[in-house]
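To start, the structure under review is shown below, and the notes come after it.
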Amino acid sequence: MDINNDNLNDITITSTCSNVTMTNISNIDFCVSPTTNKIKSFSVSESINNSLNFTSQSFTVYNAYGWFSSEIGSGIETSPIPNNANTHYIAIRYKVGNDYHYGWMNININVINIAIGAEIYIVESAYNNLPNQAILAGKK
């Protein structure tokens, strides 16, 4: 997925028999909760800015047991996920020179069942064109 429209993939989503993982392959960082070390899930209109805790680590979106992992760089801070569509706004930032651009991704997770796994969609994303300026989750 190309977040910043520079014609280069910034994030990949990979699937194995037991996990679905999001990995940054460019200058993209994910926001993690400082208390849980999981990817922070944002509410609509919550501010995404330089006061947040970002990491470049990959994270597991879903594993075969229907639970999000609690390891650093893994999981989303709501656990377990319900067996129906569940939307999360996750914060991202990417670096250009010495500046950061803040953005978000709307991820929809639908657990089919533990044996089959989950469907994960990146529904939409946005970022602030102005460097070092906040953006509100879900707003463009």
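Observations, loosely collected:
- Subset of the stretch 97-137 that is part of a loop (DSSP other than H, G, I, E, B) and surrounded by 13 or more Cβ atoms within 10 Å (Cβ to Cβ) - its residue that is modelled with the lowest pLDDT: 114
- Any hit, the stretch 23-43, residues being out of contact with any Pro (no Cβ under 6 Å at 6 or more places or on another chain), modelled with pLDDT under 75 and part of a strand (DSSP E or B): yes
- The set of residues in the stretch 30-45 that are under 14 Å from residue 104 (Cβ atoms) and under 15 Å from the mean Cα position of the chain (by Cα) comprises 30, 31, 39, 40, 41, 42, 43, 44.
- Residue, modelled with the lowest pLDDT, within the stretch 55-68, restricted to residues that are in contact with a Phe, Trp or Tyr (Cβ under 8 Å, 6 or more places away or on another chain) and surrounded by 19 or more Cβ atoms within 10 Å (Cβ to Cβ): 68
- Inspection of the stretch 73-80 finds no residue satisfying the criterion of being at pLDDT 65 or above and surrounded by fewer than 19 Cβ atoms within 10 Å (Cβ to Cβ).
- Residue pairs meeting the criteria (Cβ under 9 Å; at least 6 apart or on separate chains; first more than 13 Å from residue 122 (Cα to Cα), in the stretch 83-109; second at pLDDT 90 or above and basic (Lys, Arg)): 100/93; 101/93; 102/93; 103/93
The values are calculated or read from the model by the stated rules, or taken from the named source; none is laboratory data. Because the structure is a prediction, the values reported are computed rather than measured. Cβ sites come from the backbone with ideal geometry, for glycine too, and all protein chains shown count toward neighbours.
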